[in-house]
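What follows is a set of notes on a single structure, which appears directly below.
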Amino acid sequence: MRELLKSKARRIELVLALVLFLVEGFLYLTFRSTELNMFRFYEHAGPWVDSLREWGGELSLPQWVRYSLPDGLWLLSYLLLVDAIWNRFDKVSCVWYLSMPAVAFGSELAQLCWGFTGTYDMMDLVCYSTAVIITLIIVYSKNYIRKKIAANVQ
Amino acid sequence: MFNKKFVVKTILSFILATVFLVSACTSIQGPEIWIYATIIGVALIGYTVYSFMNDKPGTDA
């Protein structure tokens, strides 16, 4: 565990992932329908959720920020944490990298094709894709830097 | 025996995937997602066991 926290890049990824996860949670709690499964747990949390939702009701944010951005932040947060743990994409770590994108894209396609409860939204897919692209850029940049450093050492 | 670093990474990844899977289930309406999540969860448990059984020292990042 201590080994994992040694690298500066990993620490940045960990902090960024936690911030994104908190922002995603905040957006869900504040703006989403109370029919979601999560509100079964939060109804026991006390009046602070109601206060938060009242405050959020006064804000005017674009639809995609309320309904699609949290999904993208959720996926990006997961991918950053997996990258912080494994530090490279290879045949051993690929299942962990690909598991939540499979859930994300799969649930969206299930809503479109098999009538899963929920609303299919193209913007959700755009946000998921953006999260995957950002992760690919980070993974390939780290690989490139690693190769440069290795070449300089030789 | 097992590569310690690899075991730690695999266990952390499994915990992380479980937390995010549950958070995905709670942010969707209706019960169908739990069936889908259970399938993914069982697949992840299977992969974790498979990883440990096939772990060879030196395959770690």
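Rule-based calculations on the coordinates, nothing more; no lab input. Values in this document were obtained by computation on a predicted structure and should not be read as measured data. Please note: Cβ atoms are built from the backbone with ideal geometry, for glycine as well, and neighbour counts cover all protein chains shown.
The peptide list A:24-33, A:50-59, put in order of mean Cβ contacts within 10 Å with the highest first, becomes A:24-33, A:50-59. Shape verdict for chain A, please, from the Cα gyration tensor: rounded (a/c under 1.5), prolate (a/b greater than b/c) or oblate. In terms of gyration-tensor shape, prolate.
Computed from the C-beta positions of A:Cys113 and A:Arg88 and an R0 of 35 Å, the FRET efficiency is 0.55 to the nearest 0.05.
May I ask you to derive the FRET efficiency for B:Asn3 and A:Ser7 from their Cβ-Cβ distance with R0 = 22 Å, giving the value to the nearest 0.05?
Numbers: r = 19 Å, r/R0 = 0.86.
Working from the Cβ atoms, E equals 0.70.
Peptide B:7-20 shows a mean partner chain C-beta count of 5 within 10 Å per residue C-beta.
Hey, got the average number of other protein chain Cβ atoms within 10 angstrom for residues in A:15-26?
Taking the mean over all residues of the peptide, I get 1.
Fewest-first ordering of A:Trp86, A:Trp48 by other beta carbons within 10 Å of each residue's beta carbon gives A:Trp48, A:Trp86.
Ordering of A:139-145, B:14-20 by packing is B:14-20, A:139-145, highest average first (other Cβ atoms within 10 Å, averaged per residue). Comparing mean-square fluctuations of A:Pro70, A:Pro101, A:Pro47 from a GNM of chain A with C-alpha springs under 10 Å, the top value falls on A:Pro47.
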